[in-house]
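Accompanying notes for the structure given below.
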Ligand code: MOS
């Protein structure tokens, strides 16, 4: 068997193809990845791997203070190191790099802050200099040899700081409206049972194995950038605008990405600085951001704070749901992440009152991290539901059944499908939930407290515009092109499989080219919308191709989802895509249920999760093997958010303290045992023609609440602040 992979500077020559001897793919069939052999053989070209003649290497120096200004930079010691080629500070850059807006405010960037535009410091870890040298080791040594003087002020570093003032999200984000229905106070007054709980989740950082990197190479006035980014077209337009050149002079290449999970968002802060360095030196420049620096140069998940109020009848029917929440943004960007639209539409209730607030802190702008609002917001509501179930002495699954709803309780919009209880029932059967002991702290086995807990998962379906080129040559071989990219989600395989099935050609006759702005424009890979958008677009492109006479034929399709605004294609081309939730008159959601068993060591508080059943309904599943991997990955990360992940912040300095994988803990294989994934059928023709809903994020949602609820069942300790650590679990 042979594997074909041909990369070259010409996009027309590059692409990924299955091993020869493959048959025709069928939807619903498990398939290994067509790019798997390239990856395991080290042939998959990640952006940081590309070799270019004459390449030189950059390293960053970052700010030790969170707020103030740079007063001096002593560079003699750095300049004296042989091999140092260039040092860029605010004294060297200034307005050579233009402004760029934040992605969520009509711009293209992860953060609108321009680190080297002035001596001003707005967060700890802000880039204060980039050093370029013949090797990365020399660059790092020289960056460390810079002596930076500061004049600083005391920062307000987190939501926990009493000086952190919050404002209503509705005043910041024109798209946000606090949801209200009925009279929550009246519902609370007449309720037989009330829950009033406060919950918090910590700052978290994306830590993909592949670090952020940027490699810039000029050819005359044309710039090629190799950078792992989940939004190539935004990076292209944002960079062109920062450098004052036409977007068609900038090409971004990102054929494989070693994970992002919401990081590597759009245009990065380091990209224009690298491009400037490459132009000044007349040589290609590569920066690989260190693990330590990526905590501040890239984005992160905001900490959150919640107050949940539930009013219920004695038989467990919700009369009212209140969810007040706060998140943070930087002082210079409005990163607005609303979560109560899901938490207050999950269950039936006569009265609903939500209020979301946004605090301002002296940190870099946060960003989306896998299921950005649902992970923290469902931790809060699903913990409170467990508290209600315990107070009422009703089984927590039964409590959810009694409050299941076919429509949004506030707007009355019906769900396209509502398979939440089918997820619970499937998971309960596999788990053996009927054997659960409802009484907390009742089961001690071999020195471990045993507990069982559950929580729901839910997330709206998103979809966006797409553009595809599909060409078949006279031999029948097919080529698919789009500037979307492979983040480990199996996109190469998915697109090839759709073409193989629709055009009835063996899988190894299909070449997929991704990750290059020279290809038809693509939107962001986010919101679990990639597969949904591209599968629908590609199906239409295949049908259009089949309508052409046989022989060499080609289709160039610009695709709009139903409900998109007519200018959505212009937005796609300009790097301003808006993912939409459609259809507009209904709620199209994915659902899931997590059932977990925890063991808490009676003497040490050590927490283990020996069993975890996740059942998910997310529309039609094209490749069960790939879907299974997505779900397992989400469930594993969910355990991390429940038990391990937390970025520690020094409140006095605004410095993140645990900026490495030795101290920022994530689950390892040894932590992940006993996972079962169940895919619950969810036939939803109303959602989109392909019936797909996207499942990249649903797997992580609800896990933290399920674990916290299981810990309560094990030990009687109700943990309302993540992560759950041994010292609090007993
Ligand atoms: Mo998700 S982190 O909204 O792509």
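What follows is calculated from the coordinates using simple rules that are stated; it is not laboratory data. No experiment lies behind these values; they were computed from the predicted model shown. Heads up, the Cβs are rebuilt from the backbone with ideal geometry, glycines too, and the neighbour counts pull from every protein chain shown.
How fast does the stretch 345-414 diffuse by Stokes-Einstein, in µm²/s, taking the Kirkwood radius from C-alpha pairs at 10 °C and 1.306 mPa s? Spell out each step's value before the answer.
Numbers: Rh = 14.6 Å.
Estimated via Stokes-Einstein, D reaches 109 µm²/s.
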Problem set entry | Euclidean distance of C-alpha centroids, the stretch 259-276 and the stretch 660-727, integer Å | 28 Å
For this session: Could you please tell me the mean projected area of the C-alpha convex hull for the stretch 272-333, averaged over all directions and given in square nanometres to one decimal?
Result: 7.9 nm²
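Computed over the Cα atoms of the stretch 541-654, what is the ratio Rg over Rh, Rh following Kirkwood?
Details: Rg = 23.0 Å, Rh = 19.9 Å.
Radius of gyration relative to Kirkwood radius: 1.16.
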Exercise. P(r) for the stretch 418-465: what percent of alpha-carbon pairs falls in each 5 Å bin, starting at zero?
Worked result: 4, 15, 19, 18, 14, 11, 8, 5, 3, 2, 1, 0
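I need the calculated FRET efficiency for the pair residue 665 and residue 81, taking r as the beta carbon distance and R₀ as 41 Å, to the nearest 0.05. Before the final figure, lay out each step's value.
Values: r = 35 Å, r/R0 = 0.86.
For residue 665 and residue 81, the calculated efficiency is 0.70.
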Problem set entry | Considering only the stretch 300-444, percent of DSSP beta bridges that pair antiparallel, nearest 5 | 45 percent
Exercise. Along each of its three principal axes, how wide is the spread of alpha-carbon positions in the stretch 105-197, in whole angstrom units, largest first?
Worked result: 72, 31, 26
For this session: Could you calculate the contour length gain from residue 292 to residue 556, that is, 0.36 nm times the residue separation minus the distance between their Cα atoms, to one decimal place in nm?
Result: 90.7 nm
For this session: Find how much the distance from residue 402 to residue 601 grows on full extension, using 0.36 nm per residue of separation minus their present alpha carbon separation; answer in nm with one decimal.
Result: 68.2 nm
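One-quarter of the Cα convex hull surface for the stretch 274-405, in nm²? Walk me through the numbers before you get to the answer.
Values: hull surface 43.6 nm².
Its average projected convex-hull area is 10.9 nm².
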Seminar exercise, completed: For the stretch 610-650, the Cα-Cα pair-distance distribution in 10 Å bins from 0, as whole percents, is 23, 43, 23, 9, 2
Exercise. Roughly what would the spin-label model give for residue 164 and residue 547, points 7 Å off Cα along C-beta, in nm?
Worked result: 5.4 nm
Exercise. What shape does the stretch 384-432 have by the C-alpha gyration tensor, where a ≥ b ≥ c are the square roots of the eigenvalues, rounded means a/c under 1.5, and otherwise prolate means a/b greater than b/c and oblate the rest?
Worked result: oblate
Problem set entry | Percent of C-alpha pairs per 5 Å bin, the stretch 577-724, short to long | 2, 9, 16, 17, 15, 14, 11, 9, 5, 2, 1, 0
Exercise. Among 46, 74, which comes first, second and so on when ranked by fewest other beta-carbon atoms within 10 Å?
Worked result: 74, 46
Problem set entry | residue 186 versus residue 570: modelled label distance in nm, points set 7 Å from Cα along the beta carbon direction | 4.7 nm
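Can you tell me the mean projection area, over all orientations, of the convex hull of the stretch 67-157's alpha carbons? Units nm², please.
Values: hull surface 27.5 nm².
With every direction weighted equally, the projected area is 6.9 nm².
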For this session: Take the alpha carbon atoms of the stretch 338-401, find their center, do the same for the stretch 498-543, and report the distance between the two centers in whole angstrom.
Result: 35 Å
For this session: Determine, for 591, 377, the number of other Cβ atoms within 10 Å of each Cβ, and report the residues in order from fewest to most.
Result: 591, 377
Problem set entry | Exposure proxy ranking, count of Cβ atoms within 10 Å, fewest first, for 510, 352 | 352, 510
Exercise. Based only on Cα atoms, what Rg/Rh ratio does the stretch 179-310 have, Rh being taken as Kirkwood's radius?
Worked result: 1.27
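Assign one of three labels to the stretch 247-297, namely rounded, prolate or oblate, based on the Cα gyration tensor with a ≥ b ≥ c the square roots of its eigenvalues; rounded applies when a/c is under 1.5, prolate when it is not and a/b is larger than b/c, and oblate otherwise. Walk me through the numbers on the way to the answer.
On the way: a/c = 2.06, a/b = 1.37, b/c = 1.50.
Judged from the Cα gyration tensor, the stretch 247-297 comes out oblate (a/c at least 1.5, b/c at or above a/b).
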For this session: Grab the alpha carbons of the stretch 398-494, take their convex hull, and tell me the volume per residue in Å³.
Result: 235 Å³
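What value does the stretch 1-154 have for Rg/Rh, both radii from Cα atoms and Rh as Kirkwood defines it? If you can, show how the numbers build up before the last one.
Working: Rg = 22.4 Å, Rh = 19.4 Å.
Across the stretch 1-154, the Cα-based Rg/Rh ratio is 1.16.
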For this session: Could you calculate the contour length gain from residue 32 to residue 625, that is, 0.36 nm times the residue separation minus the distance between their Cα atoms, to one decimal place in nm?
Result: 212.7 nm
For this session: Find the centroid of the Cα atoms in the stretch 404-477 and in the stretch 62-128, then give the distance between the two in whole Å.
Result: 44 Å
For this session: Kindly provide log₁₀ I(q)/I(0) values, in the same order as q = 0.05, 0.07, 0.09 Å⁻¹, from the Debye equation applied to equal alpha-carbon scatterers of the chain.
Result: -0.24, -0.49, -0.81
Exercise. Under a point spin-label approximation (7 Å from Cα along Cα-to-Cβ), what is the residue 446-residue 105 distance to one decimal in nm?
Worked result: 5.6 nm
